[in-house]
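J.: Dropping the structure in here first, questions after.
The values are calculated or read from the model by the stated rules, or taken from the named source; none is laboratory data. What you see is a predicted model, and the numbers here were worked out from it, not measured in a lab. Here Cβ is always computed from backbone atoms with ideal geometry, including for glycine, and neighbour counts include all displayed protein chains. Areas reflect the complete protein model, heavy atoms only, side chains present, ligands, DNA and RNA absent. Shrake-Rupley method; radii C 1.70, N 1.55, O 1.52, S 1.80 Å.
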Amino acid sequence: MERPAWAPRSIDISVPSVSRMYDYYLGGSHNFEVDREAARRAMEFMPGLPKVMQANRAFMRRAVRYAADQGISQFLDIGSGIPTFGNVHEVAQAARPGAHVVYVDHDPVAVAHSQAVLEGNDDACVVAADLRKPQEILRSPEVEGLIDLNQPVALLLVAILHFVEDEDDPHGAVAELREALAPGSLLVLTHASYEGIPLPPERAGGAVDVYEDIRNPLIMRSREEIARFFEGYDMVEPGLVAMPHWRPDTAPEDEDPYAFSGFAGVGRTA
């Protein structure tokens with residue numbers, strides 16, 4: 001397999017990556033055949049996966065605009081992935097010029113492309129770090145340079161927590177991040193779940209097995225389990241709901257049935 005010029009030498013291009021699979025679902029070009037093959041295998045069980053990802057991105061953009069409308073001008077996006085159209089910094093800085101945005105990801109391709117996209121943008125940067133180590137994120141020079149933790153921050157954990165296994169204590173990581181945030185901060189979150197998928201769980205489970213096979217387990221949590229991530233937050237209306245139901249721009253009934261897979265919500269610190 002020939003290595004593209006944009007692929008960092010440090011990455012193994014023979015191993016699928018969930019961020020590059022996500023890029024493929026969204027129609028991006030920064031993925032390899034091994035990623036496309038894994039994504040197509042998952043789509044054999046859940047053909048609507050691209051619709052799920054599109055609904056996820058659409059929710060993220062609505063939530064960022066909401067945060068900006070609430071006066072927030074600092075955004076910390078953990079598990080940001082490979083840049084695609086309508087990124088957090090594009091939406092946030094259009095709504096609030098000068099808004100500060102820090103992306104965090106542990107995938108070298110996502111980090112490299114974020115660096116390229118953000119070149120010349122002094123109000124946005126990327127950190128190579130892992131959600132499971134919150135202090136490394138919070139104490140990074142990039143976060144300390146752009147994010148004032150004494151002022152409200154929008155913390156985005158979009159389509160990331162379902163890749164953190166229970167043994168790695170995702171609830172503890174989210175709580176640790178919450179403790180660092182000023183009152184009035186927002187948590188913006190989406191999470192996969194069997195609830196809402198227009199398929200029998202055993203069929204959807206085939207797609208989950210694909211992620212298990214590539215050693216990136218996809219943890220399908222219940223609504224109740226996902227709601228626990230918002231402990232210490234006051235939920236913003238309409239609460240924890242299917243993505244198309246969170247402050248929609250268009251009629252939810254016009255959405256593809258797969259768009260209702262999983263949950264999305266926004267919480268505010270007191």
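J.: Springs between alpha-carbon atoms under 10 Å, Gaussian network over the chain: tell me which of Pro257, Pro16, Pro201 tops the mean-square fluctuations.
T.: Pro201
J.: Considering only protein heavy atoms and a probe of 1.4 Å, how much of the accessible area of the chain is carbon and sulfur, as a whole percent?
T.: Carbon-and-sulfur percentage of accessible area, whole number: 48.
J.: Among Ala159, Ala207, Pro252, which residue has its Cα furthest toward the positive end of the charge dipole of the range 155-252, with +1 on Lys/Arg Cβ and -1 on Asp/Glu Cβ?
T.: Pro252
J.: Say a paramagnetic label sat at a point 7 Å from the Cα of Asp69, along Cα to Cβ; which residues of the range 244-262 have their backbone N under 14 Å from it?
T.: What the label zone holds, given the 14 Å backbone N cut-off, is 246-250.
J.: Now, a different point. Give the accessible surface of the range 36-145 per residue, rounded to a whole number of Å², with probe radius 1.4 Å and ligands, DNA and RNA excluded.
T.: Counting only protein heavy atoms, the per-residue value for the range 36-145 is 42 Å².
J.: Just how much of Lys133 is accessible, in Å², when a 1.4 Å probe is used and the result is rounded to the nearest 10?
T.: 110 Å²
J.: Once you sort the root eigenvalues of the Cα gyration tensor of the range 80-119 as a ≥ b ≥ c, which label holds: rounded (a/c under 1.5), prolate (a/b larger than b/c) or oblate (the other case)?
T.: Judged from the Cα gyration tensor, the range 80-119 comes out prolate (a/c at least 1.5, a/b above b/c).
J.: Grab the beta carbon distance between Glu224 and Asp168, set R0 = 22 Å, and tell me the FRET efficiency rounded to 0.05.
T.: E(calc), rounded to 0.05, equals 0.65.
J.: Still on this structure, I have one more. Using r as the Cβ-Cβ distance of Gln151 and Met43, and R0 as 41 Å, what FRET efficiency do you calculate, to the nearest 0.05?
T.: 0.45
J.: Which distance in nm do the two modelled labels at Asp12 and Ala116 give, with both placed 7 Å along the Cα-to-Cβ direction?
T.: Result for the modelled spin labels: 2.4 nm.
J.: Separate question: Mind jotting down the three principal axis lengths of the range 142-266 based on Cα atoms? Whole angstrom, largest first.
T.: Extents along the principal axes: 46, 37, 25 Å.
J.: Among His30, Val91, Met53, which residue has its Cα furthest toward the positive end of the charge dipole of the chain, with +1 on Lys/Arg Cβ and -1 on Asp/Glu Cβ?
T.: Val91
J.: Each label point is 7 Å from the Cα along the Cα-to-Cβ direction; what then is the distance between the points at Glu33 and Glu231, in nm?
T.: 4.8 nm
J.: Got a sec? What order do Phe230, Phe260, Phe85 fall in by accessible area at 1.4 Å, biggest, i.e. largest, first?
T.: Phe85, Phe260, Phe230
J.: Can you check what the net charge comes to around Tyr24, using other residues whose Cβ is under 13 Å from the Cβ of Tyr24 (Lys, Arg +1; Asp, Glu -1)?
T.: 0
J.: Taking the square root of 5 times each eigenvalue of the Cα gyration tensor, what semi-axes in Å does the equivalent ellipsoid of the chain have, largest first?
T.: The equivalent ellipsoid of the chain has semi-axes of 26, 23, 17 Å.
J.: Could you tell me the accessible area of Asp123 in Å² (1.4 Å probe, neighbours in place), rounded to the nearest ten?
T.: Asp123 has an accessible surface of roughly 50 Å² with all protein chains in place.
J.: On to the next question. As an exercise, take the mean of 1/r over every pair of distinct alpha carbons in the range 102-152, invert it, and state the Kirkwood radius in angstroms.
T.: 11.4 Å
J.: Using only the Cα atoms, what convex hull volume per residue in Å³ does the range 56-158 have?
T.: Dividing the Cα hull volume of the range 56-158 by its residue count gives 90 Å³.
J.: Ignoring everything except DSSP H segments at least 4 long, calculate the 222 nm mean residue ellipticity for the chain; use -39,500 (n - 2.57) per segment, divide by total residues, nearest 500.
T.: Helix-only estimate at 222 nm: -11000 deg cm²/dmol.
J.: Treating only the Cβ of Lys, Arg, Asp and Glu as charged (+1, +1, -1, -1), what charge dipole size does the chain show about its Cα centre? Round to the nearest 20 debye.
T.: About 420 debye.
J.: Rule-of-thumb check for the range 31-104: C-alpha Rg over 2.2 N^0.38 Å?
T.: For the range 31-104, the normalised Cα radius of gyration comes out at 1.33.
J.: Using r as the Cβ-Cβ distance of Asp213 and Glu176, and R0 as 30 Å, what FRET efficiency do you calculate, to the nearest 0.05?
T.: That pair, Asp213 with Glu176, gives E of 0.45.
J.: DSSP loop (so not H, G, I, E, B), at most 12 other Cβ within 10 Å: list which trypsin sites (Lys or Arg not before Pro) in the range 165-270 pass both filters.
T.: For trypsin sites (Lys or Arg not before Pro) across the range 165-270 that sit outside H, G, I, E and B with at most 12 neighbouring Cβ atoms in 10 Å, the list reads Arg215.
J.: With label points built 7 Å along Cα→Cβ from the Cα atoms of Ala251 and Lys133, find their separation and express it in nm.
T.: 5.0 nm
J.: Mind jotting down the distance between the C-alpha centroids of the range 222-270 and the range 48-114, whole Å?
T.: Cα centroid to Cα centroid, the span is 17 Å.
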